[in-house]
Amino acid sequence: MAFDHAYYRRYYYDPRTAVTSRPEMRARARLIAAFTEHIGLPVRRVLDAGCGTGMLRAPLKRLLPKAEYVGLETSEYLCRRYGWQSGRLEDYRPQEPFDLVICYDVLQYLDAHGAARALANFARTCRGVLYFSALTRRDWQWNCDRTRTDSAVQLRPGSWYRQRLLRNFREVGTGFWLRRGVPLTVWELESQF
């Protein structure tokens, strides 16, 4: 897959064909910031893993003003254009872990081995909350707008991701996962057990 200007023009820059919008991403940033505040996580470091065009950056910086934001990308085009840190989720090794790791709609682009390695690597990069989502078979069948969604991906069942994430995280819901052992409280009926 070539994550070049043509790809981003099709799926991000052209509002007629874009898979998401700035208002949607601002709402997502509000959700993420509100959840971390709700559970009492002081967010000082944020990793946006596979940050794309960086639509979460500005709203997150407004909502989490004390947090350092790191955008990680494999696209040479985006790294040049936006100044993101170049790297792959499977083998990214930061000097210290992040309080909040965001990985939204990225892992469906990796083969099974690469995606499994990336999911395992979240345990090393995240010391607090993981916000995670990936396009699944069910999403492709029932939820996404196929005219705006890239079909050149690896479609897996949601259980494939859950099984691997549950080794190191507790699922809270709405895309949020708590790193096992982190001293944060989530009430029983606010969480999936």
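The values are calculated or read from the model by the stated rules, or taken from the named source; none is laboratory data. All values derive from a computational prediction rather than experimental measurement. Here the Cβ positions follow ideal geometry from the backbone for every residue, glycine too, while neighbour counts run over all protein chains shown.
Taking the criterion of being touching a residue at least 24 places away in the same chain (Cβ under 8 Å) and buried (at least 21 other Cβ atoms within 10 Å of the Cβ), the residues of the range 60-72 that qualify are Leu60, Leu64, Leu72. Name the single residue, out of those in the range 119-156 being in a loop (DSSP other than H, G, I, E, B) and modelled with pLDDT of 95 or more, that is surrounded by the most Cβ atoms within 10 Å (Cβ to Cβ). The selected residue is Ala134.
Please work out if Ala116 is out of contact with any Pro (no Cβ under 8 Å at 6 or more places or on another chain), touching a residue at least 40 places away in the same chain (Cβ under 8 Å) and closer than 27 Å to Thr149 by Cβ. Yes, satisfied. For the range 1-28, filtered to residues that are under 19 Å from the mean Cα position of the chain (by Cα) and over 20 Å from Leu107 (Cβ atoms), the residue that is surrounded by the fewest Cβ atoms within 10 Å (Cβ to Cβ) is Pro23.
Within the range 164-193, count every residue that is part of a helix (DSSP H, G or I), out of contact with any Asp or Glu (no Cβ under 8 Å at 6 or more places or on another chain) and within 21 Å of Ile102 (Cβ to Cβ). Break it down into steps so the answer makes sense when it comes.
Narrowing the range 164-193 to residues part of a helix (DSSP H, G or I): 164-165, 188-190.
Those still in the list that are out of contact with any Asp or Glu (no Cβ under 8 Å at 6 or more places or on another chain) too: 164, 188-190.
Going one step further and asking which of them are within 21 Å of Ile102 (Cβ to Cβ), we end up with 164, 190.
The qualifying residues number 2.
Taking the listed residues Ser159, Ser191, the one that is without any contact (Cβ under 8 Å) to a residue 12 or more places away in the chain and either among the hydroxyl-bearing types (Ser, Thr, Tyr) or surrounded by 16 or more Cβ atoms within 10 Å (Cβ to Cβ) (or both) is Ser159, with no other qualifying.
I'd like to know if the range 60-67 contains one or more residues that are among the hydrophobic types (A, V, I, L, M, F, W, C) and within 14 Å of the chain's Cα centre (by Cα). Among the residues of the range 60-67, at least one is among the hydrophobic types (A, V, I, L, M, F, W, C) and within 14 Å of the chain's Cα centre (by Cα), which makes the answer yes.
From the list Met1, Met55, which residue is under 29 Å from Ser151 (Cβ atoms), at pLDDT below 95 and in a loop (DSSP other than H, G, I, E, B)? Walk me through it before giving the result.
Working: Met55 fails: at pLDDT below 95.
The conditions single out Met1.
Considered as a group, the residues in the range 68-85 that are under 16 Å from the mean Cα position of the chain (by Cα) and among the small types (Gly, Ala, Ser) include one that is nearest to Leu110 (Cα to Cα), and that residue is Ser75.
Does at least one position in the range 91-100 carry a residue that is within 25 Å of Ser151 (Cβ to Cβ) and at pLDDT 95 or above? Walk me through how you get there before you give the answer.
Keep residues of the range 91-100 that are within 25 Å of Ser151 (Cβ to Cβ), which gives none.
No: zero hits.
For (1) at negative phi; (2) in contact with a strand residue (DSSP E or B) (Cβ under 9 Å, 6 or more places away or on another chain); (3) touching a residue at least 60 places away in the same chain (Cβ under 8 Å); (4) surrounded by fewer than 18 Cβ atoms within 10 Å (Cβ to Cβ), each residue gets a yes or a no:
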position	(1), (2), (3), (4)
Val43	yes, yes, yes, no
Asp48	yes, yes, no, no
Ala58	yes, no, no, yes
Trp84	yes, yes, no, no
Arg88	yes, yes, no, yes
Glu96	yes, yes, no, yes
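Mind listing whichever residues of the range 5-41 are part of a helix (DSSP H, G or I) and closer than 14 Å to Leu64 by Cβ?
Quick first cut of the range 5-41, residues part of a helix (DSSP H, G or I) only: 5-13, 22-38.
Within the range 5-41, Arg26, Arg28, Ala29, Arg30, Leu31, Ile32, Ala33, Ala34, Phe35, Thr36, Glu37, His38 qualify.
With the requirement that a residue be of a type outside the set (D, E, K, R) and either assigned to a strand (DSSP E or B) or within 29 Å of Ser151 (Cβ to Cβ) (or both), what does the range 61-72 give you? Full working, then the answer.
In the first step, residues of the range 61-72 are kept if they are of a type outside the set (D, E, K, R); the result is 63-65, 67, 69-72.
Across the range 61-72, the qualifying residues are Tyr69, Val70, Gly71, Leu72.
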